[in-house]
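Report on one structure; see the data block that follows.
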Amino acid sequence: MYVVALTGGIGSGKSTVAELIAAHGITVIDADVIARHVVEPGMPALEQITHTFGHDLLQADGSLDRAALRQTAFSNDKQRLRLEAILHPLIRGEIMTSIAASQSPYTLLVIPLLFESGGYTFVDATIVVDCPEQLQLQRTTERDKVSESDARKIMASQWSRQDRLEAADHIIHNNDDINSLWEQVDTLHQQLLETAADTT
Ligand code: ADP
């Protein structure tokens, strides 16, 4: 299976691009959805997390208290690494299972922290959705109703625009209207179909 990873900073337009590619009949796997799924009640990750960090991280209904986990796990690097050691193998396992089940000519994996997390060696090509930081801020604050300073904090925790662009195999420039996005996605999709057909 030819696997294409789609990444980009917060508010750059990943979800919008993923929807346009899905409209071409391509299987889209969202790493964020999988990351939420693996910590649902009854999933092994939740048991490992409470075993490691304590049962205080559960809400009354048995589900994970995400805010409490964030506080605990991001309080220091050691805790964060322990959490990642639990979550990353499970998330990767689920991603591999979903890829194996995909029937489309190539598979799109939407993964916001592709470069930051590292280790996604099975990915054949990367797409970076790019837009100027000012537009990223504007789209994020409007969509998520967060303050500009909170949006800036999230952006500061991600790779810089320059580093992402240098690491990209393909770049989609999302600084214009949706029509411009459609055109770029169409062209790239045709290119990926050809490459996937030649490769697999
Ligand atoms: P991401 O998934 O990278 O965080 P989204 O695809 O959710 O970003 O886009 C962020 C916001 O900006 C959304 O509300 C989306 O509808 C809007 N948006 C994205 N691209 C465009 C565009 N080209 N023109 C206008 N609005 C856009």
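The values are calculated or read from the model by the stated rules, or taken from the named source; none is laboratory data. Not measured: the values here are computed from a predicted model. Note that we place each Cβ from the backbone using ideal geometry, even for glycine, and neighbour counts take in every protein chain shown. In case anyone asks, the SASA skips ligands and DNA or RNA and just uses the protein heavy atoms, side chains included. Shrake-Rupley method; radii C 1.70, N 1.55, O 1.52, S 1.80 Å.
Could you check GLY13 against (1) on the phi < 0 side of the Ramachandran plot; (2) in contact (Cβ under 8 Å) with a residue 40 or more places away in the chain; (3) small (Gly, Ala, Ser) and say which number it fails?
(1)
Among the residues of the range 42-70, which ones are farther than 19 Å from ARG92 by Cβ and in contact with a strand residue (DSSP E or B) (Cβ under 8 Å, 6 or more places away or on another chain)?
THR50, LEU57, LEU58, LEU64, ASP65 - these are the residues of the range 42-70 that are farther than 19 Å from ARG92 by Cβ and in contact with a strand residue (DSSP E or B) (Cβ under 8 Å, 6 or more places away or on another chain).
I'm checking my understanding of the structure. Among residues of the range 1-10 that are open to solvent by less than 10 Å² (accessible area, probe 1.4 Å) and in a loop (DSSP other than H, G, I, E, B), which one is nearest to the ligand (Cβ to nearest atom)?
Step one: filter the range 1-10 for residues open to solvent by less than 10 Å² (accessible area, probe 1.4 Å), giving 3-9.
If we keep only those that are in a loop (DSSP other than H, G, I, E, B) too, we end up with 8-9.
Values: GLY8: 5, GLY9: 7 Å.
Here the answer is GLY8.
Identify, by number, the condition in (1) open to solvent by 90 Å² or more (accessible area, probe 1.4 Å); (2) in contact with a helix residue (DSSP H, G or I) (Cβ under 8 Å, 6 or more places away or on another chain); (3) in contact (Cβ under 8 Å) with a residue 40 or more places away in the chain that ARG143 doesn't meet.
All conditions pass for ARG143, except number (2).
List pairs: first residue in the range 67-87 and within 17 Å of ILE154 (Cα to Cα), second residue surrounded by 10 or more Cβ atoms within 10 Å (Cβ to Cβ) and modelled with pLDDT of 85 or more anywhere in the structure, Cβ distance under 7 angstrom, at least six positions apart or on different chains.
Between residues of the range 67-87 that are within 17 Å of ILE154 (Cα to Cα) and residues that are surrounded by 10 or more Cβ atoms within 10 Å (Cβ to Cβ) and modelled with pLDDT of 85 or more, the close pairs are ALA73/GLN79; ALA73/ARG80; ALA73/LEU83; PHE74/ARG80.
Restricting to the range 97-152, what's the tally of residues that are within 14 Å of the ligand (Cβ to nearest atom) and on the phi > 0 side of the Ramachandran plot?
Qualifying residue count, the range 97-152: 1.
Go through the residues of the range 16-33 one by one and say whether even a single one is in a helix (DSSP H, G or I), touching an Asp or Glu at 6+ places or on another chain (Cβ under 9 Å), in contact (Cβ under 8 Å) with a residue 12 or more places away in the chain and of a type outside the set (A, V, I, L, M).
no
Contact list please: Cβ distance under 9 Å, first residue in the range 184-200 and within 16 Å of GLN103 (Cα to Cα), second residue acidic (Asp, Glu), pairs at least six apart or on different chains.
Cβ pairs passing all conditions: ALA196/ASP124; THR199/ASP124.
Identify all residues within the range 166-193 that are among the charged types (D, E, K, R) and either buried (at least 16 other Cβ atoms within 10 Å of the Cβ) or part of a helix (DSSP H, G or I) (or both); write none if there are none.
Start the filter on the range 166-193 by keeping residues that are among the charged types (D, E, K, R), which leaves 166, 169, 176-177, 183, 186.
Listed by number, the residues that qualify are GLU166, GLU183, ASP186.
Here are ALA167, ALA196: which of them is under 18 Å from the mean Cα position of the chain (by Cα) and away from the ligand (no atom under 16 Å from the Cβ)?
Selected residue: ALA167, the only one of ALA167, ALA196 that is under 18 Å from the mean Cα position of the chain (by Cα) and away from the ligand (no atom under 16 Å from the Cβ).
Under the condition of being in a helix (DSSP H, G or I) and of a type in the set (A, V, I, L, M, F, W, C), which residue from the range 146-165 is surrounded by the most Cβ atoms within 10 Å (Cβ to Cβ)? Spell out the reasoning first.
Let us first name the residues in the range 146-165 that are in a helix (DSSP H, G or I), namely 148-157, 161-165.
Narrowing the set further to residues that are of a type in the set (A, V, I, L, M, F, W, C) leaves 151, 154-156, 165.
Values: ALA151: 21, ILE154: 15, MET155: 19, ALA156: 8, LEU165: 12.
Among them, the one singled out is ALA151.
Could we say that ARG92 is away from the ligand (no atom under 16 Å from the Cβ) and modelled with pLDDT of 90 or more here? Full working, then the answer.
Details: away from the ligand (no atom under 16 Å from the Cβ): yes; modelled with pLDDT of 90 or more: yes.
So ARG92 passes the test.
Is it the case that GLN158 is more than 10 Å from the ligand (Cβ to nearest atom), in contact with a helix residue (DSSP H, G or I) (Cβ under 8 Å, 6 or more places away or on another chain) and on the phi < 0 side of the Ramachandran plot?
On the way: more than 10 Å from the ligand (Cβ to nearest atom): yes; in contact with a helix residue (DSSP H, G or I) (Cβ under 8 Å, 6 or more places away or on another chain): yes; on the phi < 0 side of the Ramachandran plot: yes.
Yes: the conditions hold for GLN158.
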